[in-house]
Structure formats: structure tokens, C-alpha cells
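Visitor: My structure is below; once you've seen it, I'll send some questions.
FYI, it's all coordinate maths here, none of it is from the lab. The structure displayed is predicted, hence computed values, not measured ones. Methodologically, a virtual Cβ is constructed for each residue, glycine included, from the backbone with ideal geometry; neighbour enumeration extends over all protein chains shown.
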Amino acid sequence: MNRSEISLESGPVINQINSILYRKSLSGEFIPAEHRDIIAEAKRIYSYSLRKGQKIDNSSQASESIQSRLRDKHHEVFACLYLDSQHRIIAFKELFRGTIDGAVVHPREVVKEAITLNAKAVIFAHIAKPL
């Protein structure tokens, strides 16, 4: 791998590896990663933000986490983030899937799931895709 040095304005000199990400192949070789591999790995890592037991401290944290999970959907989705009394995640569930222009939500199903999970709080999420 080729190393180069770059200098930031009024900042320190940083060693950088030619701005290429590498992945380890099955044979143990390091090869340049393809864009789809990088995106898939980033999504996998970012999905940790909705793990069971993680505490939701504020609305922006909840919003970011939910948006990251639902952003690539090509249809409307109504989802719920179920929390315990300490605002730790019990489950994240996509309850209703809509078509390109709507999603039908049945409140009794949302409540039934909350009771089943013994949730003390619920955060609702609705992602609508533009036409």
C-alpha cells in the first residue's frame, strides 16, 4: 500500500493510505473493496444503533436510528420502537407496509404488540416516499 502525506491548513501532517478501503479476501489477501461492500458494511455497523437493551436518551438519537433503518425502503412504512421503563430498546418492528402512496395502520395491532412486549413507551415512525 502506498502511503502519502497530506497537510491540512494550519493543522498537523496526516499519514493517509491513498483513500482506498481494503477488505480481506477468503485467501487472506487484502484487495480494494467495492462500493457495494462498503455500503453494506456501513449499514451493518449503523444498524447497531437499534440494538435491544440500548438506551434512547433523546429524540434526535431515536430519529437518526430509525431513519437509518428505514431510509432505503421504496414504499411507505409504519414502524414502532418499543421501550421499557428506562427507555431501553425492547424491539423495533415494521408493523405496516404500504404501497407507493399510502399505508393503512391498525391501532389495535400497535397496542397488541406493545402489550405482548410489555413495553412502557412506544415511538412511532412513518416513512413516506415521495412520488
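Visitor: What order, most packed first, do the peptides 79-86, 53-60 have when packing is the mean number of other Cβ atoms within 10 Å of each residue?
Guide: Working: 79-86: 17.4, 53-60: 11.1.
My ranking of the peptides, most packed first, is 79-86, 53-60.
Visitor: If amide hydrogens are placed 1.01 Å from N in the peptide plane, which non-local residues have theirs closer than 5 Å to the one on Leu95?
Guide: Phe78, Ala79, Cys80
Visitor: A further question follows. Loop-only check: which trypsin sites (Lys or Arg not before Pro) in the range 71-110 are DSSP coil with at most 16 other Cβ within 10 angstrom? If you can, show how the numbers build up before the last one.
Guide: On the way: sites: Arg71, Lys73, Arg88, Lys93, Arg97, Arg108; in loops: Arg71, Lys73.
Hits after loop and neighbour filter: Arg71, Lys73.
Visitor: While we're looking at this one, here's another question. Step through the residues of the range 70-87 one at a time and calculate ³J(HN,Hα) from phi using the Karplus curve (6.51 cos²θ - 1.76 cosθ + 1.60, θ = phi - 60°), rounding each to whole Hz and writing x for Gly and Pro.
Guide: 9, 4, 8, 6, 9, 8, 6, 9, 10, 10, 10, 10, 8, 10, 8, 5, 9, 6
Visitor: Please list, ordered by chain and number, the residues whose modelled amide H lies under 5 Å from the amide H of Lys120; skip anything fewer than 5 residues away on the same chain.
Guide: The list, which skips near neighbours in sequence, is Leu83, Asp84, Ser85.
Visitor: Of the listed pairs Lys73/Lys93; Lys55/Lys93; Lys93/Lys120; Lys43/Lys120; Lys43/Lys112; Lys24/Lys93, which have alpha-carbon separations greater than 22 Å here? Could you put the intermediate results ahead of the total?
Guide: Numbers: Lys73/Lys93 14 Å; Lys55/Lys93 17 Å; Lys93/Lys120 15 Å; Lys43/Lys120 28 Å; Lys43/Lys112 30 Å; Lys24/Lys93 34 Å.
Violating the 22 Å limit, Cα to Cα: Lys43/Lys120; Lys43/Lys112; Lys24/Lys93.
Visitor: What percentage of all Cα-Cα pairs in the range 41-128 are separated by more than 21 Å? The partial results should precede the final answer.
Guide: Values: 1161 of 3828 pairs.
The proportion of pairs with Cα distances above 21 Å equals 30 percent.
Visitor: Let me ask something else. Counting other Cβ atoms within 10 Å, which GluC sites (Glu not before Pro) in the range 26-89 have at most 15 and lie in a DSSP loop? Spell out each step's value before the answer.
Guide: Working: sites: Glu29, Glu34, Glu41, Glu64, Glu76; in loops: Glu29, Glu34, Glu76.
Qualifying residues, ordered by number: Glu29, Glu34.
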